[in-house]
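Enquirer: One structure coming up, written as structure tokens, with questions to follow.
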Amino acid sequence: ALGLYTVNAVYGDTITMPCRLEVPDGLMFGKWKYEMPNGSPVFIAFRSSTKKNVQYDDVPDYKDRLSLSENYTLSIRDARISDEKRFVCMLVTEDDVSEEPTIVKVFKQPSQPEILHQAEFLETEKLQMLGECVARDSYPEGNVTWYKNGRVLQPVEEVVVINLQKIVDKSTGLFTMTSSLQYMPTKEDANAKFSCIVTYYGPSGQKTLQSEPVVFDVHYPTEKVTIQVLSQSVTIKEGDNITLKCSGNGNPPPQEFLFYIPGETEGIRSSDTYTMTDVKRNATGEYKCSLTDKSMMDSTTITVHYLDLQLTPSGEVTKQIGEALPVSCTISSSRNATVFWIKDNTRMQTSPSFSSLQYQDAGNYICETALQEVEGLTKRKTLKLIVEGKPQIKMTKKTNTNKMSKTIVCHVEGFPKPAVQWTVTGSGSIINKAKETKYVNGKFSSKIVIAPEENVTLTCIAENQLERTVTSLNVSAISIPEYDEPEDRSDDNSEKVNDQAKLIVGIVVGLLLAALVAGVVYWLYVKKSKTASKHVDKDLGNIEENKKLEENNHKSET
């Protein structure tokens with residue numbers, strides 16, 4: 001058939017064979033035939049050139065499958081393997097018969113190969129059936145090749161054994177290729193990908209189809225055991241739970257182990273994990289695990305960190321002002337710990353030390369310690385220090401700048417906070433219009449503003465659970481200016497300065513008074529005649545008006 005015209009067709013498609021002869025003059029008809037293997041012809045189609053009619057011979061294989069066109073091109077529908085023949089186009093005149101043969105080749109792509117009858121698992125050092133690669137309905141027959149991780153598997157005696165079978169379906173003429181693979185795996189074949197490729201021929205040449213890769217479970221014995229600590233943090237502290245996990249590198253892995261705990265002579269049989277809850281510092285030590293036959297063993301060391309804190313004194317402590325109070329915070333830990341103090345939510349720079357307690361020393365103290373390397377390991381204890389003291393009073397007075405009122409201040413110290421009451425000596429009247437400053441570090445002030453028309457004596461009473469303290473102060477009439485020392489005394493130097501200032505002020509006031517004596521006497525005479533019946537209580541009632549006058553005068557001066 002070398003040099004003959006060939007038509008390549010795909011199985012199931014339509015075969016189209018043109019008649020490759022020039023139509024001669026005087027053509028009577030054209031015919032198509034095919035040749036049997038023994039060379040005898042079988043006519044299948046006839047077309048007259050004059051009557052334009054087409055006749056198809058009664059050939060069962062081609063019933064209802066043929067079509068002959070006006071140019072004598074023969075088409076065969078639904079190509080089959082049996083259509084692979086030598087077909088001949090014949091053009092007949094009165095004087096001659098011309099023939100031109102055509103060879104038909106039919107191709108069928110196989111189904112995608114698949115690995116069937118796969119082994120459930122593979123065992124090392126054992127030759128066993130891995131599976132069969134099957135590719136069906138191919139024409140012509142194809143070839144099958146096995147691959148591992150993309151590399152061709154070549155036959156090796158007692159290690160790689162490959163057998164290929166090709167079976168033809170007599171009704172269709174299609175081939176099914178089955179290649180079996182026997183394989184002896186190693187430990188390194190775990191997770192290896194096995195696949196097969198079928199090589200076949202199509203109308204355009206050689207092609208391939210590949211199966212889906214398959215990974216097999218490879219069983220091999222344990223060669224090493226490993227123990228590890230399962231923990232949410234890197235370090236372990238008292239109160240934590242410890243879970244030990246023992247594992248073997250075999251497949252399948254061992255399901256039972258022996259765990260050896262510090263202080264225990266015999267191993268504890270368990271699954272691959274062993275848990276200890278609420279561990280203490282004495283759990284520190286070496287832990288081991290082995291296979292149940294004690295053939296292999298591994299160990300690890302565990303340190304259980306601890307932190308103890310002792311605060312002396314602690315809790316609520318009440319002391320008197322001026323007393324001494326030694327405080328100690330003692331730490332015991334598995335590693336160096338950091339210690340710091342907090343007072344009333346503010347971190348202190350140094351540890352507290354009290355040789356003579358003051359009111360400002362009172363508060364909530366916290367001694368806190370932590371192991372920085374151990375997450376969550378902190379301890380703290382508290383000391384609530386209460387500093388008590390009996391009420392102490394200092395009174396001051398001052399004529400306001402508007403000359404219309406005087407401010408009397410009662411400076412009070414003590415804890416618990418004393419209650420303050422003002423009275424007018426002699427009349428016993430209680431003054432209810434006092435204003436208090438904020439109570440800070442055991443100190444506060446109570447202030448009243450008055451405009452007395454005659455000399456009075458005011459009494460400040462401070463009382464708490466420890467004692468009742470009473471102090472009185474003489475206050476001149478509003479017409480007589482008074483200048484007292486500053487309300488705050490910080491040290492001895494300020495007292496000296498205040499004494500000097502008081503002396504200077506006294507001299508100046510004396511000179512002014514001497515110059516104004518005549519005018520003052522006359523003013524008092526007139527005033528007294530009009531308001532002889534008035535008293536201090538009424539003056540207190542006019543404080544708000546005096547304040548307004550003072551504010552207006554101050555604005556005018558400004």
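Enquirer: In region 294-309, which residues have a backbone nitrogen under 16 Å from the label point lying 7 Å from Thr226's Cα in the Cα-to-Cβ direction?
Expert: Counting backbone N atoms under 16 Å from the label point, the list is 297-301.
Enquirer: Please work out the Kirkwood hydrodynamic radius for region 163-261, using every pair of different C-alpha atoms, and report it in angstroms with one decimal place.
Expert: Computed over Cα pairs of region 163-261, the Kirkwood hydrodynamic radius comes out at 19.3 Å.
Enquirer: Of all the Cα-Cα pairs you can form in the chain, what percent are over 35 Å apart?
Expert: Cα-Cα pairs of the chain separated by over 35 Å account for 73 percent.
Enquirer: Could I ask something else about it? To two decimal places, what compactness ratio does region 307-387 give when its Cα radius of gyration is scaled by 2.2 N^0.38 Å?
Expert: So region 307-387 has a normalised radius of gyration of 1.14.
Enquirer: Stokes-Einstein at 37 °C, 0.692 mPa s, Kirkwood radius from Cα pairs: D for region 225-302 in µm² s⁻¹?
Expert: 257
Enquirer: Report the full-extension gain for the segment Asn71 to Glu373: residue separation times 0.36 nm, less the Cα-Cα distance, to one decimal in nm. Walk me through the intermediate numbers first.
Expert: Details: separation 302, 0.36 × 302 = 108.72 nm, distance 9.65 nm.
Net length gain for the segment: 99.1 nm.
Enquirer: Set the Förster radius R0 to 35 Å, insert the Cβ-Cβ distance between Lys105 and Val152 as r into 1/(1 + (r/R0)^6), and round the FRET efficiency to 0.05.
Expert: 0.75
Enquirer: Please work out the C-alpha center-to-center distance from region 63-119 to region 219-240 and express it in whole Å.
Expert: 72
Enquirer: For Ser356 and Arg380, FRET efficiency with R0 = 30 Å and r from the beta-carbon atoms, rounded to 0.05?
Expert: 0.65
Enquirer: Determine, for region 389-475, the count of lysine pairs separated by eight or more sequence positions (or lying on different chains) whose alpha-carbon distance falls under 17 Å.
Expert: 26
Enquirer: Using only the alpha-carbon atoms of region 258-301, report the extent along each of the three principal axes, biggest first, to the nearest angstrom.
Expert: 31, 17, 16
Enquirer: Could you check the simple spin-label distance between Asn474 and Asp217, using points 7 Å along Cα→Cβ, in nm with one decimal?
Expert: 11.1
Enquirer: Related question: Give, in nm to one decimal, the length gained when the segment between Thr338 and Asp61 is fully stretched (0.36 nm per residue of separation minus the Cα-Cα distance).
Expert: Here the answer is 89.7 nm.
Enquirer: On to the next question. Which three extents, in whole angstrom, do the alpha-carbon atoms of region 369-467 cover along their principal axes, largest first?
Expert: 76, 32, 18
Enquirer: Would you kindly derive the ³J(HN,Hα) couplings of region 239-253 from the backbone phi angles with the Karplus curve 6.51 cos²θ - 1.76 cosθ + 1.60 (θ = phi - 60°), listing them in order in whole Hz, with x for Gly and Pro?
Expert: Couplings: x, 6, 9, 10, 10, 9, 10, 10, 9, x, 8, x, 9, x, x Hz.
Enquirer: So what is the calculated 222 nm ellipticity per residue for the chain, using -39500 (n - 2.57) for each DSSP H run with n of 4 or more, over all residues, to the nearest 500 deg cm²/dmol?
Expert: -3500 deg cm²/dmol
Enquirer: Any idea what the alpha-carbon Rg over 2.2 N^0.38 Å comes to for region 1-82? Present the calculation step by step, with values, prior to reporting the outcome.
Expert: Details: Rg = 13.4 Å, N = 82, 2.2 N^0.38 = 11.7 Å.
For region 1-82, the normalised Cα radius of gyration is 1.14.
Enquirer: Next question. Using a simple spin-label model with points 7 Å from Cα along the Cα→Cβ vector, what separation in nm is obtained for Gln465 and Val168?
Expert: 11.6
Enquirer: So, in region 49-121, how many Lys pairs have Cα atoms under 28 Å apart, if the pair is 8 or more places apart or on different chains?
Expert: Close lysine pairs found across region 49-121: 8.
Enquirer: Distance from the Cα centre of region 281-359 to that of region 1-31, in angstrom?
Expert: 104
Enquirer: Another question, if that's okay. Consider just the alpha-carbon atoms of region 271-353 and return their Rg together with their Dmax, both in angstrom.
Expert: 22.5, 75
Read-outs: derived from the displayed coordinates by stated rules, not from any lab. Computed from a prediction, not measured in an experiment: that's the story for all the values here. Every residue, glycine among them, receives a Cβ derived from its backbone with ideal geometry; neighbour counts consider all protein chains shown.
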